[in-house]
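Accompanying notes for the structure given below.
The values are calculated or read from the model by the stated rules, or taken from the named source; none is laboratory data. As the structure is a computational prediction, the values presented were derived from the model and not from experiment. In this analysis, Cβ positions are derived from the backbone assuming ideal geometry, glycine residues included, and neighbour counts consider all displayed protein chains.
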Amino acid sequence: MCLRVSSETIGSFASLIHFEGNPIFWGSNSLSYMFDSSCNCSFCLSTLKMSKVDEGVSSELNDENQQRKEKVYLSSRCGVQEFSGLIDSLSDDKKHVIEDMGFGGLLHLKKHKLKLKLCEELMMRFDVTTSQLNVHGNRLTLRVDDVVTILGLHGGGMNVDTHLGEGDEVRVRFNLGYGQIKCSNLKTDMMKDLTVGDEFRGKFLLYSMSRLLRPSTAVYVPNNYLRILGNIDDVGNLNWAKFVYDGLLEGIKDYQNKLEGTSREQSVTGCILLLEIFYLEHVNMHNVTRHSSSLPRIRHWDDKSIGTIVKKVSSLGGVDSIQVKPRFSPDVLNNIYVAIEIFTAISLYAGGIWKGWC
């Protein structure tokens, strides 16, 4: 039975007005005891609707408060969103140049926001002496080969470090100006009508190194990255996978050493994107991305797929919970990806021979 009340009866609890014949309420929570949910009169239906709206708002506020409680102390210059945004803005001609340089795998990076809270927890559980990530009662070994399968970078040849150093002589050739080079300025230049040539190649390489592959804590390109531009035609033959791998381990070690101080708020160097995807690949529950085995693996991870895994892990107790079981051991997972890559290469090669016979 519905309890009907007028606006006078409601008094100070709420205000009831009519707009185009429909009742509108303020403070409907205080009126929840005055209506019958089974009644179909306009009063009860409107009050029930407003109560549900208030419940939804309350739920959103609770989620927001929960996020505020989980304070993130970690900061990073690893610009996944910025880099993927740049890739999306480039013409096909410029993307072909990037592929020719040996960085075609990076073109598949999905735009997503790094889960810094997750990365923070992973870095605190990473043993730099063994290169192992200690999570869920397991020890997952990170190898240079993982950089190849995850980021699609070249994993052989000379070390990149042997080509680093200050190189003011390249500034004129690549139109870099003098003084410190701001990463954001490089991105702006590449997004403009910059012709496909040395200047584009050089600025892309510096931007990739400084904002994704091995970022520092500054907004500027490290001065010792300049000299590598002198060998711009051969950069694709260098061991970029090891360059990223070493940079990440160095950043984690430095981060852990700083944690021994008084402040938890730390800025980290290195490609923490690699650590994030490495972990997600091993706790990929419910086949969120394993519907496809194509490489590089970054092509399968976006905000939605990452959010699904992170939410599930959190519901099971976090990165230390033994309820989360890695789907494959690190060795087996890596062997699967390597086998796929070899099979693909053989297929392409055989296809080329077959076309030659036709």
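Within region 208-224, the set of residues being out of contact with any Lys or Arg (no Cβ under 7 Å at 6 or more places or on another chain) and not in a loop (DSSP other than H, G, I, E, B) comprises Ser208, Met209, Ser210, Leu212, Leu213, Asn223, Asn224. Would you mind finding the one in Arg264, Arg227, Arg201 that is in the same structural domain as Asp100 (by TED's automatic domain parsing), assigned to a loop (DSSP other than H, G, I, E, B) and in contact (Cβ under 8 Å) with a residue 40 or more places away in the chain? Residue meeting the stated conditions: Arg264. Being in contact (Cβ under 8 Å) with a residue 40 or more places away in the chain and farther than 20 Å from Glu260 by Cα is a property that Leu133 lacks. Condition check for Tyr255 on (1) surrounded by fewer than 21 Cβ atoms within 10 Å (Cβ to Cβ); (2) within 21 Å of Val147 (Cα to Cα): one failure, at (1). Is region 172-190 home to any residue that is in a strand (DSSP E or B), surrounded by fewer than 16 Cβ atoms within 10 Å (Cβ to Cβ), within 24 Å of the chain's Cα centre (by Cα) and modelled with pLDDT of 95 or more? Yes, because at least one residue in region 172-190 is in a strand (DSSP E or B), surrounded by fewer than 16 Cβ atoms within 10 Å (Cβ to Cβ), within 24 Å of the chain's Cα centre (by Cα) and modelled with pLDDT of 95 or more. In this entry, Val97 is excluded by the filter for residues that are under 30 Å from Ser315 (Cβ atoms), assigned by TED's automatic domain parsing to the domain that holds Glu265, modelled with pLDDT of 95 or more and β-branched (Val, Ile, Thr).
Do we have Leu194 as under 16 Å from Ile98 (Cα atoms), crowded, with 21+ Cβ neighbours inside 10 Å, out of contact with any strand residue (DSSP E or B) (no Cβ under 9 Å at 6 or more places or on another chain) and not polar (S, T, N, Q) here? No: the conditions fail for Leu194. Looking at region 69-84, which of the residues that are assigned to a helix (DSSP H, G or I) and modelled with pLDDT of 95 or more is nearest to the chain's Cα centre (by Cα)? Result: Val80. Within region 105-120, the set of residues being crowded, with 17+ Cβ neighbours inside 10 Å and outside any loop (DSSP other than H, G, I, E, B) comprises Gly105, Leu106, Leu107, His108, Leu116, Leu118, Cys119, Glu120.
Of Phe200, Phe204, which residue is more than 23 Å from the chain's Cα centre (by Cα) and either of a type in the set (Phe, Trp, Tyr) or within 23 Å of Gly156 (Cα to Cα) (or both)? Spell out the reasoning first.
Working: Phe204 fails: more than 23 Å from the chain's Cα centre (by Cα).
Selected residue: Phe200, the only one of Phe200, Phe204 that is more than 23 Å from the chain's Cα centre (by Cα) and either of a type in the set (Phe, Trp, Tyr) or within 23 Å of Gly156 (Cα to Cα) (or both).
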